[in-house]
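The values are calculated or read from the model by the stated rules, or taken from the named source; none is laboratory data. Just so it is clear, the structure is predicted and the values come from calculations on it, not from any experiment. Using ideal geometry, Cβ is built from the backbone for each residue, glycine included, and neighbour counts are taken over all protein chains shown.
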Number of protein chains: 2
Amino acid sequence: MNHVRQAVILAAGMGSRLKGVIEEKPKGFLQLGNKPIIEESIAKLIGFGITKIVIVTGYSSEYYERLKKKYPFVRTIKNQRFENTGSMFSLSIVKDLIDSNFLLLESDLIYEHNALQVLNNSKFNDCILLSGRTSSGDEVYAGIKENRIVNLSKNLGEIKTLGGELVGISKISYDLYQAMINHAEKQFRKNQQYQYEDCLTDVSKMKEINYEFVEDLAWIEIDDKNHFKRAVEKIYPLVQKRDAEFIISKKISRNVLLNPGPATTTDTVKHAMVVEDICPREKEFGELVESIRKDLVRIVNGKDLFEAVLFASSGTGAIEACLTSVVPDNKSVLIINNGAYGERMQQICKNFEVNRIDYNIEWGDPVDLRTIESILSKHKGKISHLAFVHHETTVGILNSLELISKLALKYNIEIIVDAMSSFAGIPIDVNESNIHYLISSANKCIQGMAGISFVICNIDSLKKTKDYRRRSFYFNLYDNYTFFSEHNQMQFTPPVQVLYALRQAISEYFIETEEGRTNRYTELYEVLKNGLEKLGFKFLVDDRFHAKILTSIIEPDDDNYNFTEMHDYLYKRGFTIYPGKGAKQNTFRLANMGEIYKEDIVRFLNCLETYKKLKAIKL
Amino acid sequence: MNHVRQAVILAAGMGSRLKGVIEEKPKGFLQLGNKPIIEESIAKLIGFGITKIVIVTGYSSEYYERLKKKYPFVRTIKNQRFENTGSMFSLSIVKDLIDSNFLLLESDLIYEHNALQVLNNSKFNDCILLSGRTSSGDEVYAGIKENRIVNLSKNLGEIKTLGGELVGISKISYDLYQAMINHAEKQFRKNQQYQYEDCLTDVSKMKEINYEFVEDLAWIEIDDKNHFKRAVEKIYPLVQKRDAEFIISKKISRNVLLNPGPATTTDTVKHAMVVEDICPREKEFGELVESIRKDLVRIVNGKDLFEAVLFASSGTGAIEACLTSVVPDNKSVLIINNGAYGERMQQICKNFEVNRIDYNIEWGDPVDLRTIESILSKHKGKISHLAFVHHETTVGILNSLELISKLALKYNIEIIVDAMSSFAGIPIDVNESNIHYLISSANKCIQGMAGISFVICNIDSLKKTKDYRRRSFYFNLYDNYTFFSEHNQMQFTPPVQVLYALRQAISEYFIETEEGRTNRYTELYEVLKNGLEKLGFKFLVDDRFHAKILTSIIEPDDDNYNFTEMHDYLYKRGFTIYPGKGAKQNTFRLANMGEIYKEDIVRFLNCLETYKKLKAIKL
């Protein structure tokens, strides 16, 4: 469900029943806390992620004009005929300023944050917010039928099945807005006092408009002195209390990410990011980072001989760090390319003028060891490093650490492994596999958050690079390493909260154990693959060469199949799937990394099956 | 307060009263949920941030040995004489494995997460956890006097003032542990059955041992069948319920960071990071990033002519991106260096072989415009860019955007401004100030979290770099920019959660308004400076050249003054101060950025005054 980013506030009215409480000001300038209620509403909307607010002004519009100067994301438009027109006329004049779905609010509302959350989380695109009884004396009632709004009326007698009271906050799709405008323009010919509630009632006969009901919602519309009194004494304090609680106890729904990372994380990893503010130059933080560095090495059994160097960057940053720091000017690196990430290594070397020899393979095919050997033998003495991707997520293939490293050992060549999507998902022993540099990032199989990448370096190898010409600054591996050694800190400001999440994620990895995680991932893969096979899907990579962490599925040759449409259908239901990327056949991809379980895959397969039937896709 | 990272679990005992519930296994292997209680305890400790657990085994030690294989952070040591010795003997044998403060636990405990939190948050270094009455029939009572533990006993008659019941989880400093060992080694000569509770009682006479009391703590020690029944029926379900709630409603204390960023953030920014897992290649996420990019430009009034390019990196990364991407091979950049960040720009150019001309000034002194002009005039036609730091936090100086940019305009030179610690803290108008590239990061005056840096680029200038030789890959400015234009996404995986925090932080900036934030910061600076002046401190930078966001204070010439000691004293009280960095005189530094208020500065000054008196520091 997309987050709403725009809001329209109707603020043209006079508030004639509030004389004595508020003088010439418009109702939005009533004040309960330290700023007018319109500014509280704006703060709430902005805090919620709204980035454009259109206020329709009328009476005493100059007050709202001043707001526009204060807040750059506020726009105003004046309903010049506010005295003789209804709220629908006000809503109709914003049509050139609105370009997507929006929240519609009234200006004289006080409401708790949850009101916005409920609308945003609603699966309905057109959604009216209803509450339980308020007995305000000014109620607008909503008549409903099943999930739909049937009518809105101040007269309870006109309501057949009562759905609740209209709060005055609605989520309106661009489509519905267009329908409302079209309908209203006809109405305006006879009745310019037409209200937006009436327009919603009329249009609901042609278009499905839904609602969300919250029995105990803290809100009030302030139309008269009694309302104001009730707001001061009861509603406003309640709203403040609930909003404070809301921040620290928000409930978030669980998505199943089947893209190849960032992966689904646990709630404990998510919440591990909420920590006291801390300066990362503090000793305490240094200890945290040190424990992470040690444990990353521990995961690949590199104790004593290896050290982890962390970077504040995506995984690509650590790849760049390694390639540009360890290959000397007078030597070359042999790069195996059987996917986008192998190709990316070549591009990095190209930009930095690192000498390289390419071994290119069609994306989807396994490496041929004899070819590697013949290249190594042909360029004997010239090649210092061999770089390849362990699990190439472009297709899901696993390039054999064991076999390739044996060859490298024979030719006395150092190994650089991009283990981005295998580290902590597939058991790796850096000593046994003769690895010199192993690269990964926090947001893949280790199940932390994106923002940290790392190179696990054989210390002896790294020390040889001490006097190499510096090709870069931020990503020089040796300089970053010595900073850790000397200061027990990262050289440049780290993403503090991402490191707390990583600390937690590593701990959870150890709790699950290497065997536990490998087994879980393998089972996920098998359940997924078998289910897809039953549905008739075909795969790009043979099981023999498979990493079993990502499956490339050959796209159906059927006009009814459309990746984007399928993606959107599944996304709405909590599953994120991923397109293909330049493989030898057209594919889409499903990863099975992250904190997901067999049941998630089963639910996903059911959902996919339903979609396949719905669209009559032939396989 | 430092987070505890080590734990010792006493698990040597036999559990003879549990025959029938558990056979030959040790008590830690009682099972209530899906794993033995010792593994639940380990998971809890690890989840809490403990990275080393030492288990003292004895009876049926082979069970614990197996745990060691499963969990790489677990160490075991066997008390060979477990049948004839008490718990203090067990505790004494870990002395070579422990090198800092630790949590001491018993193996047969079930407890809620909050137990660990309370000990960790306690201001006391040596802290025994006490609870309200449990009526377990096996209680150990704690006698107290003021904040101190006086004795621990199973005999209530021996207790003068009851502080509560001993839970069996304690935080022990390395100091206290040494004192316990020394004392115990004397006792062992006559009594090897000496218990650790008795040792604590004895040592409490010589050393202050404190406690924390939690009336309603969910915990139980399982010593017999009745305990087990109570654990199954009542305590275990309660622990599970509370732990689940704990994750999403943890309360964190507020620190006042006076270091020059990462700065103090609001709770709403902190909690904005807790979001549903999302793949950053989704349209929805693209919209979030787009709104951030637009708003960053809006803050410096660069609408239409400027675009923001974001990087997953520290601020230094964005500096590297800019310098290495926009200066052509046949031109030079003039770099003004009056602080560490100017010097860093020179270092970046050196490593990347970007032609440069240096203008070096003593750190603490303002720029001399005539010197700049003479350099520009001397190298006319050769210099394409002028790069400098706006607010140089090395000393707190403000290099005048207005005056320097006027000169650059005269010589038709593009301006690169490192506005790391001024963006959103000092009003900047990129058009008025003739800026071409402005660089900052998420964790300074904009008050977000670290992990994102950005360059706000004049689009026409940036487009000229399209065909420049690529000096790098990850940080190429133009390539990252085109990726945004073409895909509405970041080129490389972004730190997703940091961007949600940044979205919230930007919103809060707009709510506070440019004027509001500038005024607040200026007031903070003035209150701070006046307070420090009253205390007798002297400053490095004259008010005329001051950014008013960071104050460099000249270190007192007094043997009683010691920065580290002063830092630690203040840190314990919630204030983080910062050392100096190569200025022309020795200084320490206090920044006044972030979500802090006048009252915080007043509290800080009081604290500093107390410390100054305590140490009799002469100024």
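Just a few scattered comments:
- Among the candidates A:ALA424, A:ALA419, residue that is within 14 Å of another protein chain (Cβ to nearest Cβ) and of a type in the set (Gly, Ala, Ser): A:ALA424
- When we screen B:ILE98, B:ILE159, B:ILE128 for residues that are surrounded by fewer than 23 Cβ atoms within 10 Å (Cβ to Cβ), of a type in the set (Val, Ile, Thr) and within 20 Å of B:TYR177 (Cα to Cα), the only hit is B:ILE98.
- Test: residue in the range B:450-458 that is facing chain A (nearest Cβ under 10 Å), within 16 Å of B:ALA308 (Cα to Cα), surrounded by 22 or more Cβ atoms within 10 Å (Cβ to Cβ) and hydroxyl-bearing (Ser, Thr, Tyr): yes
Conditions tested, residue by residue: (1) at the interface with chain A (Cβ under 10 Å from one of its Cβ atoms); (2) in a helix (DSSP H, G or I).
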residue	(1), (2)
B:TYR468	no, no
B:TYR478	no, yes
B:PHE483	no, yes
B:GLU486	no, yes
B:LEU502	no, yes
B:ALA505	no, yes
B:PHE510	yes, yes
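- Test for B:ASP295: is it within 14 Å of chain A (Cβ to nearest Cβ) and modelled with pLDDT under 95: yes
- Residues satisfying the criterion are present in the range B:12-19 (criterion: part of a helix (DSSP H, G or I) and either of a type in the set (A, V, I, L, M, F, W, C) or over 24 Å from B:GLU197 (Cα atoms) (or both)).
- Residue count, the range B:457-466 (criterion: assigned to a helix (DSSP H, G or I) and closer than 23 Å to B:ILE299 by Cβ): 5
Per-residue answers, yes or no, for (1) touching a Gly at 6+ places or on another chain (Cβ under 7 Å); (2) within 24 Å of A:GLU284 (Cα to Cα):
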{"site": "B:GLY536", "(1), (2)": "no, no"}
{"site": "B:ILE554", "(1), (2)": "no, no"}
{"site": "B:ASP557", "(1), (2)": "no, no"}
{"site": "B:ASN562", "(1), (2)": "no, yes"}
{"site": "B:TYR569", "(1), (2)": "no, yes"}
{"site": "B:GLY580", "(1), (2)": "no, yes"}
{"site": "B:MET593", "(1), (2)": "yes, yes"}
{"site": "B:ARG603", "(1), (2)": "no, yes"}
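- The range A:481-503 - residue that is in contact with a strand residue (DSSP E or B) (Cβ under 8 Å, 6 or more places away or on another chain) and among the hydrophobic types (A, V, I, L, M, F, W, C) and, of those, farthest from A:ILE299 (Cα to Cα): A:PHE492
- Failed item, numbered, when A:LEU67 is tested on (1) part of a helix (DSSP H, G or I); (2) more than 14 Å from every other protein chain (Cβ to nearest Cβ); (3) within 30 Å of B:GLU284 (Cα to Cα); (4) without any contact (Cβ under 8 Å) to a residue 40 or more places away in the chain: (2)
- The range A:268-285, residues that are within 29 Å of the chain's Cα centre (by Cα) and either surrounded by fewer than 18 Cβ atoms within 10 Å (Cβ to Cβ) or assigned to a helix (DSSP H, G or I) (or both): A:THR268, A:VAL269, A:LYS270, A:HIS271, A:ALA272, A:GLU276, A:PHE285
A quick yes/no check of all residues on (1) of a type in the set (Phe, Trp, Tyr); (2) under 30 Å from B:LEU257 (Cβ atoms); (3) in the same structural domain as A:THR551 (by TED's automatic domain parsing):
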| position | (1), (2), (3) |
| --- | --- |
| A:GLU233 | no, no, no |
| A:TYR236 | yes, no, no |
| A:VAL239 | no, no, no |
| A:VAL256 | no, no, no |
| A:PRO260 | no, no, no |
| A:MET273 | no, yes, no |
| A:LYS283 | no, yes, no |
| A:VAL289 | no, yes, no |
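- Considering residues of the range B:434-446 that are more than 10 Å from chain A (Cβ to nearest Cβ) and not in a strand (DSSP E or B) only, the residue nearest to B:ILE292 (Cα to Cα): B:ILE446
- So A:VAL289, is it part of a helix (DSSP H, G or I), touching an Asp or Glu at 6+ places or on another chain (Cβ under 8 Å) and either more than 8 Å from chain B (Cβ to nearest Cβ) or in contact (Cβ under 8 Å) with a residue 60 or more places away in the chain (or both): no
- Positions within the range B:241-264 being within 7 Å of chain A (Cβ to nearest Cβ) and in a strand (DSSP E or B), in sequence order: B:LEU257
- Restricted to the range A:317-334, and to residues there that are within 14 Å of another protein chain (Cβ to nearest Cβ) and touching a helix residue (DSSP H, G or I) at 6+ places or on another chain (Cβ under 7 Å), the residue that is surrounded by the most Cβ atoms within 10 Å (Cβ to Cβ) is A:GLU320.
- Only a single criterion out of (1) within 23 Å of the chain's Cα centre (by Cα); (2) buried (at least 19 other Cβ atoms within 10 Å of the Cβ); (3) of a type in the set (S, T, N, Q); (4) under 23 Å from B:ILE235 (Cβ atoms) is not satisfied by B:ASN120, namely (2).
- Flag if A:LYS350 is within 9 Å of chain B (Cβ to nearest Cβ), under 25 Å from A:LYS584 (Cα atoms) and either crowded, with 23+ Cβ neighbours inside 10 Å or among the charged types (D, E, K, R) (or both): yes
- Taking every residue in the range A:268-285 that is more than 7 Å from chain B (Cβ to nearest Cβ) and in contact (Cβ under 8 Å) with a residue 60 or more places away in the chain and pairing it with any residue that is among the acidic types (Asp, Glu) and in a helix (DSSP H, G or I), at least 6 positions away or on another chain, the pairs with Cβ-Cβ distances below 7 Å are A:VAL269/A:GLU508.
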